[in-house]
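All remarks here apply to the structure that follows.
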Amino acid sequence: MITSATPKRNRDFDTALGRFSYRHLPMAAYSFGWTRRELPDGAGWLEALPEKALIDWLYRTGSLRSAKALEARLFEDLRLDPQLFRDLDRGRLTDYAARMPGATFRVHLAKLLGRLHA
């Protein structure tokens, strides 16, 4: 399944190529962190940067009560390789988290980044 963000309502499509899922993000959270890709014929799409894709996924999976819960969500639930997480752009992660609704997420992410990048 391919999952994409949209400022519109949630939708799923089954095609010969597979299942495509579109999940709602508020416009304020949707409008940054992507780049436009184009084919030679001019057709194109928006593609999230890795940091934005991760922040969107975390936002869509629900609230977190601590940096430890965030760490568990990343490395146990998502099974993200800790080194791959460390290799992400810390500035982008911080900036993108600051633009998302919910102050607690920003606080927990800052704590986790501080601990992993120390």
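Per residue, the accessible area of the chain comes to 65 Å², computed with a 1.4 Å probe over protein heavy atoms only.
Counting only protein chain heavy atoms and rolling a 1.4 Å probe, the accessible areas of Phe13, Phe32 rank, largest first, as Phe13, Phe32. Heavy-atom accessible area with a 1.4 Å probe sorts Lys68, Lys52, largest first, into Lys68, Lys52. Under 13 Å of direct C-alpha separation, and excluding same-chain neighbours fewer than eight residues apart, Lys52 reaches these aspartates and glutamates: Asp89, Asp95. At the listed q of 0.11, 0.21, 0.23 Å⁻¹, the Debye profile of the chain, built from one uniform point per Cα, gives log10 I(q)/I(0) equal to -0.41, -1.28, -1.44. Taking the protein heavy atoms of the chain in the context of the full set of protein chains, the accessible area attributed to carbon and sulfur is 54 percent at 1.4 Å. Helices that extend 18 Å or more along their long axis by alpha-carbon positions and average at least 1.0 on the Kyte-Doolittle scale are absent among the DSSP H runs of the chain. Taking amide H as placed 1.01 Å from N in the peptide plane, Leu80 has its amide H under 5 Å from the amide H of Phe75, each at least 5 places away in sequence or on another chain. A compact globular protein would have a Cα radius of gyration near 2.2 N^0.38 Å; the ratio found for segment 36-80 is 1.62. Computed over the alpha-carbon atoms, segment 52-118 gives an Rg to Rh ratio of 0.90, Rh here being the Kirkwood radius from the mean inverse distance. Comparing Cα centroids, segment 1-28 and segment 51-118 end up 22 angstrom apart. Amide hydrogen proximity for Thr3: with H placed 1.01 Å from N in the peptide plane, the residues at 5 or more positions away or on another chain lying under 5 Å are Ser21.
The values are calculated or read from the model by the stated rules, or taken from the named source; none is laboratory data. Predicted model only: the values in this text are computed from it and were never measured. In case anyone asks, the SASA skips ligands and DNA or RNA and just uses the protein heavy atoms, side chains included. Shrake-Rupley method; radii C 1.70, N 1.55, O 1.52, S 1.80 Å.
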